[in-house]
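Notes follow the structure.
The values are calculated or read from the model by the stated rules, or taken from the named source; none is laboratory data. For clarity, every value in this text was computed on a predicted model and none was experimentally measured. No Cβ is skipped: glycine too gets one built from the backbone with ideal geometry, and neighbour counts run over all protein chains shown. Keep in mind that these areas ignore ligands, DNA and RNA; they rest on the heavy atoms of the full protein, side chains included. Shrake-Rupley method; radii C 1.70, N 1.55, O 1.52, S 1.80 Å.
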Amino acid sequence: MAGRPHYSYEIARRKLEPALRYLRLELHDVPRPEIYASPVSRAFLDENSCHLMFKPAESIRLIKGIRNIAWVAWDFDRLTGQKKPGPQHPFADMRRMLAIPDEIWTPCEMTWQVFRSAGIANVHRIPAPIAVPKTPTRIRFPNIPPDLDKIAWINLRIGFGRYAEINQAFPSRPHRLSDIILDFYGGRQPLVITTLLRPQEPRKNLTALVGGFLEFHHEHPEALLLIKLVVDNNSDRLDNVLTGVLRSCISGYELIDSNAIWLATDYFAEPVLADLYRFSAAYLCSSLAEGQNPPLQEAMAWGAVPVTPRHAAMQDYISKANAVIVRWLRHSIDRHGTALGLDPDSSWQVCTSADVARALRRLAGLSEDARRELGMRAHATIAGDFSVASVARSIQSRFFQRR
Amino acid sequence: MTHTVFVEVGPLQELRYSGIPNVTLNLCRYWLQQPDEASRFFLGPYVIDRRAIKTVVAARSGGLFQTMLASKQAIGGFAANEARRCPTPVGLFPNVKSVQGLFDLSFQIVHDLSFLLSPEFHHPDTIAHHALTILRDLGTNARTFCVSQATAQDLTTYLDVPADRITVCHPGADPPPDIDQHWRNLPDGEPTRPYILVPGTIEPRKNLDLVLIGLQRIPQLLARYDWVFIGSPGWLIAFDDRISKYGLGEHYRRGAIKWLGYVDEYQKAFLYRHAELAIYPSFFEGFGIPVVEAMYFGCPVVCSYSSGIPEAGGDAVFYFDPTSLPSFERTLLSALRRLRLERASLRAASRRQASRFTWHNFGLRIDQAIAETVAENSRTGRW
């Protein structure tokens with residue numbers, strides 16, 4: 001198995017490892033697969049060895065002489081490097097790169113179709129598995145587990161233009177979850193909505209997510225939005241995130257100063273993240289494109305109600321029966337900073353603040369029982385199609401077919 | 001003559017001749033030994049005077065070449081005009097193609113695809129320079145020469161170059177022809193303390209960190225041997241910084257670790273001749289000329305089994321995995337043990353392996369492959 005540091009792929013690799021171990025496969029790390037070019041250097045491999053790599057297409061590297069499988073996620077309806085004028089880096093041509101390994105594994109049906117229609121023959125749908133608890137139990141205030149309550153959250157206070165320095169004048173003060181509920185919700189259990197995202201990614205559509213929640217919160221002050229930001233804690237410290245990263249990802253506001261939206265950048269160990277999902281009534285997603293969206297699936301596995309558009313990878317597991325669906329419209333890609341780049345010939349699926357607010361109102365309008373029922377169905381969906389055992393069976397069928 | 005080979009000599013402008021400039025120098029030396037009408041030398045749009053190339057090759061001086069170019073002493077007219085006067089002019093490019101469309105057929109040497117496969121080891125400008133031209137260059141080659149089977153495989157695997165359009169030509173490692181004369185002027189004598197030689201430009205791909213970490217972890221290696229690093233300052237890392245990083249400053253100050261910077265062929269030969277062994281821990285090489293250079297002087301080699309290096313080392317070296325510190329330490333300690341018991345036979349095996357690679361054979365194989373391609377194209381009327 002190989003993979004240079006790359007956040008999403010590192011996660012996919014970590015998640016697929018239990019499925020490979022479930023099959024009792026022997027796993028070895030191969031940090032630089034491209035260097036093994038001769039029989040002497042491949043002596044540690046036998047004829048049944050298989051090289052499984054988790055990398056974006058441009059970083060595909062083979063171990064020559066054995067079977068090579070690349071696990072590649074892709075969120076868009078076109079590949080990069082097609083019909084571009086002028087000289088280009090050979091590895092920027094996704095089609096060329098995807099044709100190099102013996103086989104491509106991709107986590108969702110939409111990507112499978114995009115790859116197939118680009119002429120990539122040997123593509124198979126193998127999602128990253130999700131650890132699914134047998135019966136997810138909910139957590140309510142004041143029974144917040146201590147490790148979850150240790151996490152520092154700061155409220156979203158972000159200024160633009162004339163308010164750009166607001167964080168320096170009035171810095172946000174870190175709160176524990178129980179303090180937030182005591183200070184701002186009178187000690188009553190709020191309607192907790194959670195999301196987890198990398199703020200730098202334009203496809204996460206932060207403006208609609210924050211704007212939609214603010215609109216909703218105006219009518220439903222009992223709601224609380226917890227955003228776990230996935231950032232590099234060495235270089236993207238929380239104050240930098242507020243003054244730098246978020247300001248470039250949210251537009252259309254002069255000032256947001258909300259005690260209902262709280263941010264954390266701390267590292268969450270798996271059990272703490274699970275507790276956060278157990279504490280949340282819903283998981284909110286406003287993405288424009290997704291290759292699998294494991295955080296949404298993990299929240300579903302723990303019984304949180306998905307509030308999300310149903311497009312791209314979400315088509316595989318989101319339905320009216322297990323989610324509150326956010327309305328979206330297909331739109332050409334009009335922003336820089338995506339893996340595809342600015343590409344008016346390609347499209348993604350755009351939902352607005354109004355769409356998010358509308359979906360949240362529907363969520364709030366559901367009874368406790370109806371919400372619990374949706375959460376249980378969400379859990380069952382993930383348990384059925386994305387559990388370690390289920391993905392292991394798909395992997396086994398690929399290996400079996402080969403032999 | 002059925003054709004005239006125009007050898008591109010751009011790399012000779014480098015001040016120091018190692019790597020690709022050294023390959024170019026030896027190609028020039030080969031063609032200077034052939035009849036004058038078989039070849040021309042060119043740089044960009046200019047023909048380079050044959051006598052100038054002879055002088056530069058004899059002096060091994062890029063500085064001299066630059067001076068001769070600046071004073072126009074080296075320039076002998078326009079390559080396009082000369083090409084029109086010659087029968088079937090073909091271009092031979094030792095590296096990136098500097099001109100397009102000048103020759104009936106063109107040939108290119110590809111050393112490695114490290115700039116594509118391990119871009120983290122290269123400066124972004126280098127990546128852009130090579131990566132944006134490689135497909136265009138390969139697409140216009142009548143035949144591509146690769147310095148190893150490993151590089152050839154990379155071309156077929158990653159860039160779809162048909163295997164039958166590639167000829168593998170292993171470079172040579174024999175020292176300059178006047179090395180014996182040079183040695184005669186040197187005093188005899190053994191080094192006062194045994195030393196281990198580590199060749200390689202100071203850049204991350206050469207993986208010198210592995211050796212330095214090994215020295216940090218196994219103090220007896222420093223107690224028993226001096227460690228001599230040779231190679232020009234390169235990019236992205238600095239030798240002194242690495243020494244500090246691994247806490248080896250004291251050993252560096254008192255001379256147990258030395259970095260000599262660039263050494264010329266004569267100094268290098270002297271160092272290899274007296275070294276206990278050489279270590280070449282590189283992550284990725286087209287071929288690994290330093291491995292064969294060391295072996296030419298009977299110096300046993302401990303090297304990584306990466307990319308093209310096993311083609312250079314064959315069965316005569318000690319291999320380790322460059323991504324694994326335990327593998328390196330095991331292999332080095334085992335090699336040092338065997339050296340105590342089988343010094344003569346190991347040195348003889350090194351010399352035998354190195355003798356398979358000569359610069360003359362490198363030039364000859366390219367010469368023959370060009371002739372065959374010209375003949376084949378002539379038969380099929382491809383141009």
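The Kirkwood hydrodynamic radius of chain A, based on inverse pair distances between different Cα atoms, is 22.4 Å. Across q = 0.12, 0.17 Å⁻¹, the stretch B:1-145 modelled as identical point scatterers on its alpha-carbon atoms has Debye log10 I(q)/I(0) values of -0.49, -0.97, in the order of the q list.
What the Cβ-Cβ distance of A:D345 and A:D232 gives, at R0 = 35 Å and to the nearest 0.05, is a FRET efficiency of 0.60. Axis angle, to the nearest 10 degrees, between helix B:359-380 and the longest C-alpha principal axis of chain B: 30 degrees. Counting only other chain Cβ atoms within 10 Å of each residue's Cβ, the peptide A:89-100 averages 3. Angle between the Cα long axis of helix B:149-159 and the longest principal axis of chain B, 0 to 90 degrees, nearest 10? Helix B:149-159 and the main axis of chain B meet at about 60 degrees.
Taken about its Cα centre, the stretch A:146-385 carries a charge dipole of about 400 debye when Lys and Arg each add +1 at the Cβ and Asp and Glu each add -1 at the Cβ. In terms of its alpha-carbon gyration tensor, the stretch B:179-354 comes out rounded; the largest-to-smallest axis ratio a/c stays below the 1.5 threshold. In chain A the longest region clear of chymotrypsin sites (Phe, Trp or Tyr not before Pro) that are loop-assigned by DSSP and have at most 15 other C-beta atoms within 10 Å covers A:268-403. Remark: accessible area buried at the A-B interface is about 2100 Å², both chains counted, probe radius 1.4 Å.
Structure remark: mean-square fluctuation, Gaussian network model of chain B, C-alpha springs under 10 Å; the largest value among B:G62, B:G255, B:G298 belongs to B:G255. Using only the Cα atoms of chain B, build the gyration tensor, take square roots of its eigenvalues as a ≥ b ≥ c, and label the shape rounded, prolate or oblate: rounded if a/c is under 1.5, else prolate if a/b is larger than b/c, else oblate. Prolate. Residue order by solvent-accessible surface for A:H124, A:H175 is A:H124, A:H175, largest first, with ligands and nucleic acids left out and a 1.4 Å probe. With protein chains left intact and a 1.4 Å probe, residues in the protein assembly as shown average 42 Å² of accessible area per residue.
When Cβ neighbours within 10 Å are restricted to other protein chains, what is their mean count per residue of peptide B:306-318?
3
Surface composition of chain B: carbon plus sulfur atoms contribute 51% of the solvent-accessible area (1.4 Å probe, protein chains only, all chains present). Simple point charges give the picture: +1 on the Cβ of Lys and Arg, -1 on the Cβ of Asp and Glu, and for the protein assembly as shown a dipole about the Cα centre of about 780 debye.
Residues considered: A:P87, A:P107, A:P56. Largest GNM mean-square fluctuation over chain A, using C-alpha springs under 10 Å, is found at A:P87. In the structure shown, the pairs A:K55/A:K228; A:K150/B:K245; A:K15/B:K206; B:K54/B:K268; A:K15/A:K204 are assessed against 26 Å; a Cα-Cα span above that value is assigned to A:K150/B:K245; A:K15/B:K206.
Peptide A:174-184 is shielded by partner chain Cβ atoms: per residue, an average of 0 of them sit within 10 Å of its Cβ. With N the number of residues in the protein assembly as shown, Rg(Cα) / (2.2 N^0.38 Å) evaluates to 1.14. Counting Lys and Arg as +1 and Asp and Glu as -1 over every other residue whose Cβ lies under 13 Å from the Cβ of B:A58, the net charge comes to +3.
Gyration tensor analysis over the Cα atoms of the stretch B:64-183 returns equivalent ellipsoid semi-axes of 27, 22, 17 Å (largest first, whole Å). For the stretch A:62-112, dividing the convex hull volume of the Cα atoms by the residue count gives 82 Å³ per residue. The spread of Cα positions in the stretch A:94-195, taken along each principal axis and listed from longest to shortest, comes to 58, 48, 21 Å. With the convex hull drawn over the C-alpha atoms of the stretch A:146-385, the volume per residue is 124 Å³. A 1.4 Å probe over all protein chains sorts B:R184, B:R165 by accessible area into B:R184, B:R165, starting with the largest.
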